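Sharing a structure here in structure tokens format.
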Amino acid sequence: MHTSAIHVNGLTKVYHVPERQAGLLAAMRSLVQRKVREVHAVENVSFSLAPGEIVGFLGPNGAGKTTTLKMLSGLLFPSGGEVSVLGHVPSRREAAYLKQITLVMGNRNQLQWDLPALDSFELQRAIYRIPTDQFQTTRDEFIEMMEVGDLVRKPVRNLSLGERMKMEIIGALLHRPQVLFLDEPTLGLDVTMQRRIRSFVADYNRRHGATVMLTSHYMADVEALCRRVIVIHHGKVLYDGALSGLVDRFAAYRQLGITLAEPADLGEYGEVVSAEGSKVVLRVPRAEASRITARLLANYALTDLTIEEPPIDDVIAQVFATEADQPAMSG
Amino acid sequence: MGMFRLMYHFFRIGAMNELQYRVNFWIQLLQSGVALAVGLISLALVFSHTTDLAGWSQTELLVVMGVHIMMGGLIGAVIQPNMLRLMEDIREGTLDFALTKPEDAQIMVSVREIRLWRLVDVILGAILLGTALVLLGDAIGPLQAAGFVVATIFGALMIYSFWIMLTSVAFWVVRVDEMLNLFEGIYAAGRWPVGIYPGWLRGLLTFLVPIAFAVTVPAEALTGRLSGATLGLAALLAIGLLGLSRLVWRIGLRQYGGASA
């Protein structure tokens, strides 16, 4: 157990949400009689992360990702189960623990809006009591890695969304945390910015051996960074294992890219995704992919043929479409 | 000591923020000037009918007014903005960043904000206080000066404790901004020594909203009225309220984290 950086066992979080019908009368009735509904945001979740591991934490909105991250970072008290991060119980919020973690939320910012990011970095230095020389080395290293250069001298309000996020991440990592909780760090950013942030996280992980838990709606983030994913839906773990295993298990179909010598209608072989002249993309059930390929090769003159896994986004959508009350699977 | 270090750094950041809006300085100066003029005029009006108010002379009441303006400036510069930010953070759920820092959460939320220009009132109040003391002509001994400083610290601590408890209510009741206006109304009553008010109001201003200890008692120290018993009571109440506020804050924080759910 002590070999894992993050250990979660039977973690549960129940919210008590006041419930009432719409309308003024119902609002008045709720003054005297409050109906409370129990919402199981996270239910009996268990997993372990080895030190230095980067794990993608996937799930649709409301799946319980943020709630789990908040329990791991000590913001929320679990309703049940055990959490241990770096040997600490997060909800005790010990300074020794908080110094070793960071939480980045793509939709929130903690930098001083009207001041250059450098001033906010200085404040982080004071809060985390980072020794001056270590602070300067880390700061300059990060500024170079993120390629932000002189932008750190511009007031944060004048930066673009992507530039601001880069600064947020630099500020959040100045104390060189051992565990990173990244909640949608690339939210709303363009592809170039996403890529830069991704490679920064990968570099940081390599250089400092930090453990990373990442949630993202951009599968490119997950594909680039995480070999392992934990998929959560309705508060329960649906899948925990290799990203490639997820595709194997849940991809129900494959895509055939076909270039015909002469245009033809291939509708009888599978679902035609697109057909432009002699180029056809065909979606076929996974199990029948090789049989259909053989039939196509026998019946048509093909100039090109590719067999592709479906995009990971589609696979994930497929996972969420399956019932949540299936037992957790591992791959 | 960690607290003062943190305060210094946030003060620095806050000052840099505020220095960008220099116009606010002039607005504040104007506002403070008008408030001072109104205060002086009403004082002169009252004393055109009488020569003493519950045992306080006109010049002695200038001392009270000076302390009132100073303390108001301190509350407006440091306590109120932090508590407003805290209310907002609780409502919007943005308290998270403050809570993931390796510092005491209560200290963090109490020092994050500063309204630099409200310190104009502290300076203005000090000038008024100094003038009043010169007019009084009595030399202020070291004991009286020390009594004033100690009483002011106790008073400020009590007001802070009151505020943090009030703000912690936001953990349960989401909207508490209106209480701010209520406090400002009640604080205005502190311009006069609490002795002039009827018993029930005096009790309210002493023990419920501790304005008596924040304004009247320090003024008493400078006008030779302060007894050791009052100062002792102030010390006891300051420590008691501070302890209570810490308890309320902690329970509130557990509520935020859903510990009671």
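Only the coordinates and a few stated rules stand behind these numbers; no lab work does. Worth saying up front: this structure is predicted, and the values here are computed from it rather than measured. All Cβ positions, even for glycine, are placed from backbone atoms using ideal geometry, and neighbour counts span all protein chains on display.
Over what distance in Å are the Cα centres of segment B:21-38 and segment B:137-154 separated?
About 29 Å separates the Cα centre of segment B:21-38 from the one of segment B:137-154.
Right, another one. Below 12 Å, Cα to Cα, which aspartates and glutamates can A:LYS236 reach? Residues fewer than 8 away in the same chain don't count.
Reachable aspartates and glutamates: A:GLU43, A:GLU323, A:ASP325.
Then there's this: So how do B:PHE4, A:PHE77 line up by other beta-carbon neighbours within 10 Å, fewest first?
Fewest-to-most Cβ neighbours within 10 Å comes out as B:PHE4, A:PHE77.
Defining a contact as two alpha carbons under 8 Å apart and six or more residues distant in sequence, what relative contact order in percent does segment A:252-308 show?
50 percent
Per residue of segment A:89-98, what does 6.51 cos²θ - 1.76 cosθ + 1.60 with θ = phi - 60° give for ³J(HN,Hα)? Whole Hz please, x for Gly and Pro, Karplus curve as stated.
Whole-Hz 3J(HN,Hα) from phi for segment A:89-98: 8, x, 5, 6, 6, 6, 4, 4, 7, 4.
When the Kirkwood radius is taken over all Cα pairs of the protein assembly as shown, what Stokes-Einstein diffusion coefficient follows at 37 °C and 0.692 mPa s, in µm²/s?
For the chosen part, D equals 115 µm²/s.
Select from B:LEU236, B:GLY203, B:ALA98 the residue farthest towards the positive end of the dipole of chain B; place +1 on Cβ of Lys and Arg, -1 on Cβ of Asp and Glu, and compute about the Cα centre.
Projecting each Cα onto the dipole axis, the largest value belongs to B:ALA98.
Report Rg(Cα)/(2.2 N^0.38 Å) for segment A:197-237, keeping two decimals.
Expressed relative to 2.2 N^0.38 Å, the Cα Rg reads 1.27.
On a 0 to 90 degree scale, rounded to 10, what angle separates helix B:80-92 from the longest Cα axis of chain B?
Between helix and principal axis, roughly 30 degrees.
Further question: Non-local amide H neighbours of A:ILE54 (under 5 Å, H modeled in plane, Pro and chain starts lacking H): which ones?
Close amide H contacts, sequence-distant or interchain: A:VAL212, A:ARG227.
Towards the positive end of the charge dipole of chain A, with charges on Cβ (+1 Lys, Arg; -1 Asp, Glu), say which of A:HIS40, A:ALA63, A:GLY270 has the farthest Cα.
A:HIS40
Quick one: among A:GLU19, A:GLU308, A:GLU168, which has the greatest mean-square fluctuation in a GNM of chain A with alpha-carbon springs under 10 angstrom?
A:GLU19
Quick check: Cα centre of segment B:62-94 to Cα centre of segment A:209-229, how many Å?
The distance from the Cα centre of segment B:62-94 to that of segment A:209-229 comes to 44 Å.
If you average the sequence gap of Cα pairs under 8 Å that are 6 or more apart and divide by the length of chain A, what percent do you get for the contact order? Each step should come with its number before you reach the end.
On the way: 589 pairs, mean separation 60.6, N = 331.
So the answer I get is 18 percent.
I'd like the mean, over residues of B:92-105, of how many other protein chain beta carbons sit within 10 Å of each residue's own Cβ.
Across the residues of B:92-105, the mean count of other-chain Cβ atoms within 10 Å is 6.
Here is a further query. Report ³J(HN,Hα) in whole Hz for each residue of segment B:39-55, in order, from the Karplus equation J = 6.51 cos²θ - 1.76 cosθ + 1.60 where θ = phi - 60°; Gly and Pro get x.
Per-residue couplings from phi come out as x, 5, 5, 5, 5, 5, 4, 4, 7, 6, 9, 8, 10, 8, 10, 6, x Hz.
Moving to a separate point now. Other chains near A:103-110: what is the mean number of their Cβ atoms within 10 Å of each residue's Cβ?
3
Between B:LEU74, B:LEU128, B:LEU208, where does the largest GNM mean-square fluctuation fall for chain B, given springs only between Cα atoms within less than 10 Å?
In the Gaussian network model the winner is B:LEU208.
Could you rank the peptides A:200-207, A:237-244 by their average count of other C-beta atoms within 10 Å per residue, with the highest value first?
Put in order of decreasing packing, that is A:237-244, A:200-207.
Okay, moving on. Give me the distance between the Cα centres of segment A:25-47 and segment B:183-237, rounded to whole Å.
Computed from Cα coordinates, the inter-centre distance equals 45 Å.
Taking the Cα centre of chain A as origin, sum charge times position over the Cβ atoms of Lys and Arg (+1) and Asp and Glu (-1), and report the length of that vector in debye to the nearest 20.
In total the dipole reaches around 1320 debye.
Now a separate question. Which whole DSSP H helices in chain A pass both tests: a Cα extent of 24 Å or more along the axis and a mean Kyte-Doolittle value no lower than 1.0?
Flagged H segments: there are none.
Relative contact order (percent) for segment B:168-215, with alpha-carbon contacts under 8 angstrom and 6 or more residues of separation?
Normalised by residue count, the contact order of segment B:168-215 is 30 percent.
222 nm [θ] for chain B, helices only, -39500 (n - 2.57) per DSSP H run of 4+, per residue, to 500?
-22500 deg cm²/dmol
Sticking with this one: Which value in deg cm²/dmol, rounded to the nearest 500, describes the helix-derived mean residue ellipticity at 222 nm for chain A, given -39,500 (n - 2.57) per DSSP H run of n ≥ 4 and division by the residue count?
So the calculated ellipticity at 222 nm is -10500 deg cm²/dmol.
Connecting C-alpha atoms closer than 10 Å in a GNM of chain A, tell me which of A:LEU151, A:LEU266, A:LEU123 has the biggest fluctuation.
Of A:LEU151, A:LEU266, A:LEU123, the Gaussian network model singles out A:LEU266 as fluctuating most.
Can you list residues from other chains, or at least 5 along the same chain, whose modelled amide H is less than 5 Å from the amide H of B:GLY224?
none
Can you give me the pair-distance distribution of segment A:127-210, C-alpha pairs, 5 Å bins, whole percents?
The distribution over segment A:127-210 is 3, 14, 26, 27, 20, 9, 2, 0, given as percents.
So how do A:ILE316, B:ILE41 line up by other beta-carbon neighbours within 10 Å, fewest first?
B:ILE41, A:ILE316
Using per-residue counts of other Cβ atoms within 10 Å, averaged over each peptide, order B:149-159, B:240-250 from highest down. Don't skip to the answer; put the middle values down first.
Values: B:149-159: 21.4, B:240-250: 16.0.
Result, highest mean first: B:149-159, B:240-250.
Which links in A:LYS13/A:LYS99; A:LYS70/B:LYS101; A:LYS35/A:LYS65 stretch past 21 Å when you go from one Cα to the other?
A:LYS13/A:LYS99; A:LYS35/A:LYS65
How crowded by other chains is B:252-258, given as the mean number of beta carbons from other chains within 10 Å of each beta carbon?
Partner Cβ neighbours, averaged per residue: 4.
Here is a further query. Arrange the following residues from fewest to most other Cβ atoms within 10 Å of their Cβ: A:ARG153, A:ARG29.
A:ARG153, A:ARG29
If you plug each phi of segment B:68-76 into the Karplus form 6.51 cos²θ - 1.76 cosθ + 1.60 with θ = phi - 60°, what whole-Hz ³J(HN,Hα) values come out, in order, with x for Gly and Pro?
4, 5, 4, 5, x, x, 5, 5, x
Could I ask something else about it? What net charge do the residues around A:ILE54 carry, taking every other residue with its C-beta under 15 Å from that of A:ILE54, with Lys and Arg at +1 and Asp and Glu at -1? Mind showing how you got there, number by number?
Values: positive: A:ARG198, A:ARG206, A:ARG207, A:ARG227, A:ARG228; negative: A:GLU53, A:ASP183, A:ASP203, A:ASP221, A:GLU223, A:ASP240.
Charge balance near A:ILE54 sits at -1.
Write down Rg/Rh for segment A:252-308, rounded to two decimals, with Rg from the C-alpha atoms and Rh from the Kirkwood relation over Cα pairs.
0.91
Please report the equivalent ellipsoid semi-axes of chain A, computed as sqrt(5 x eigenvalue) of the Cα gyration tensor, largest first, in whole Å.
Semi-axes (√(5λ), whole Å): 41, 29, 21.
So if I place +1 on the C-beta of Lys and Arg and -1 on the C-beta of Asp and Glu, and nothing else carries charge, what would the dipole magnitude of the protein assembly as shown be about its Cα centre? I want it in debye, nearest 20.
1320 debye
Separate question: Apply the Debye scattering formula to chain B, with a single equal point scatterer on each alpha-carbon and no solvent, then give log10 I(q)/I(0) at q = 0.10 Å⁻¹.
Calculated log10 I(q)/I(0) at the listed q: -0.53.
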